[in-house]
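Below you'll find the structure, written out as structure tokens, and then a few comments.
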Amino acid sequence: MTGKFAGAEAALERSAAALDEAPLATDWEYACVGLARGVIYSNSERYDEAIGEAAAAAAVFREAGDMTRYLKAQMVVANVDIYRNRYADATIIAQEIVAAARHSDDVLLLAQAHHTAALCYSGLNECDTALDHYAEAATRWDELGLTTECVRVEWAVAALLVRQGHMAAGIEQLALLPGRFAALGMINDAALASLDLAEALILAGRASDVPLILSGVIVTFSNEGLMRSANLALAYLREAAGSNDVSADKIRHVRDYLAALPTHPGQRFEPLR
């Protein structure tokens, strides 16, 4: 677990300890701590614990009539199901959240609900339905002024277009994203989007365009060890491109490694054989 998650969990344990010492502490207050634990556990890939905490909290919130927190706890459960590729289970929960959020004034919850539903349907390869939910999510993110989330939706949509075989449209949209992420200061997201673009170009038979894309990929980590690992992976990819030995599989291998590196700092890079 990374340091920020460890620190957050320690703070929650102090909160739980304070509740234990409060004679009038309620189940609702404990459920709030449980929901926060569920979020932390899901982000640190402690999925069984995340499900346990979030599901227990959801039951308390539902009993108390706190539907907003109930839906947020259910969102944690749905996201863990998505992480575990249990898309059918996650879709059932996502549909409930979307339906309920439409009748609330919580625009953020509705945006998150549509985004979660889009991930579910994408996982089920129901791409048209996923695109509909991404469109709804983008509208809400824009309403909230959350530009970074809007760009992330564009990224997801571009990936879906490529998956559907709409290569020209997907590549056109992917080509815009590195610059947009860089302008927002999101250098690592810009790098991952560039690698997605490179992979799509190879799949579209445009491998000659890939070395130039890869030459511009940079990542940034404050941790020196992470930076060395990332540069090693990128050097491997650039060497493959320079010797005309780059493939979509190799790009995806490096892309997945870089994406996971912040939460798996001890994972060594192993070239794809």
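The values are calculated or read from the model by the stated rules, or taken from the named source; none is laboratory data. Everything numeric here is computed off the predicted structure, so don't read it as measured data. Cβ atoms come from the backbone with ideal geometry, glycine included; neighbour counts cover every protein chain shown. Quick note on the areas: whole protein, heavy atoms, side chains included, nothing else; ligands and nucleic acids left out. Shrake-Rupley method; radii C 1.70, N 1.55, O 1.52, S 1.80 Å.
Counting only protein chain heavy atoms and rolling a 1.4 Å probe, the accessible areas of His114, His253 rank, largest first, as His253, His114.
Spatial offset of the range 124-157 relative to the range 236-273 amounts to 28 Å, using the alpha carbon center of each. First check a/c for the range 124-253, with a ≥ b ≥ c the square roots of the eigenvalues of its C-alpha gyration tensor; if it is under 1.5, answer rounded, and if not, answer prolate when a/b is larger than b/c or oblate otherwise. Taking the square roots of the gyration eigenvalues as a ≥ b ≥ c, the range 124-253 is oblate. Here the relative contact order of the chain, from alpha carbon pairs under 8 Å that lie six or more residues apart, stands at 10 percent.
Using the Cβ-Cβ distance between Ala183 and Glu126 with R0 set to 41 Å, the FRET efficiency works out to roughly 0.80.
A Förster radius of 25 Å combined with the Cβ-Cβ distance from Asp142 to Gln95 puts the calculated FRET efficiency at roughly 0.60. Can you tell me the FRET efficiency between Tyr83 and Ser208 if r is taken as the Cβ-Cβ distance and R0 is 35 Å, rounded to the nearest 0.05? FRET efficiency, Tyr83 to Ser208: 0.45.
Relative contact order, whole percent, for the range 51-202 stands at 13, derived from Cα pairs under 8 Å and 6 or more residues apart. For the chain, hydrophobic long helices are taken as DSSP H runs at least 27 Å long by C-alpha position along their axis with mean Kyte-Doolittle hydropathy of 0.0 or more; none is present. Rg and Dmax, both from the Cα atoms of the range 32-75 and both in Å, are 9.5, 29.
Peptides 220-232, 68-80 ranked from most to least packed give 68-80, 220-232, packing being the mean of other C-beta atoms within 10 angstrom over each peptide's residues.
Taking a Cβ cut-off of under 15 Å around Arg273, the surrounding Lys, Arg, Asp and Glu residues balance to a net charge of -1, with basic ones at +1 and acidic ones at -1. Here the range 40-68 and the range 194-228 have alpha carbon centers that stand 37 Å from each other. The length gained by stretching the chain between Glu224 and Asn244 to full extension, at 0.36 nm per residue less their Cα-Cα distance, is 4.2 nm.
Gain on full extension, evaluated as 0.36 nm per residue between Leu176 and Ala135 minus their Cα-Cα distance, stands at 13.0 nm. For Cα Rg over 2.2 N^0.38 Å, computed directly from the structure shown, the correct entry in (i) 0.94; (ii) 1.11; (iii) 1.02 is (ii).
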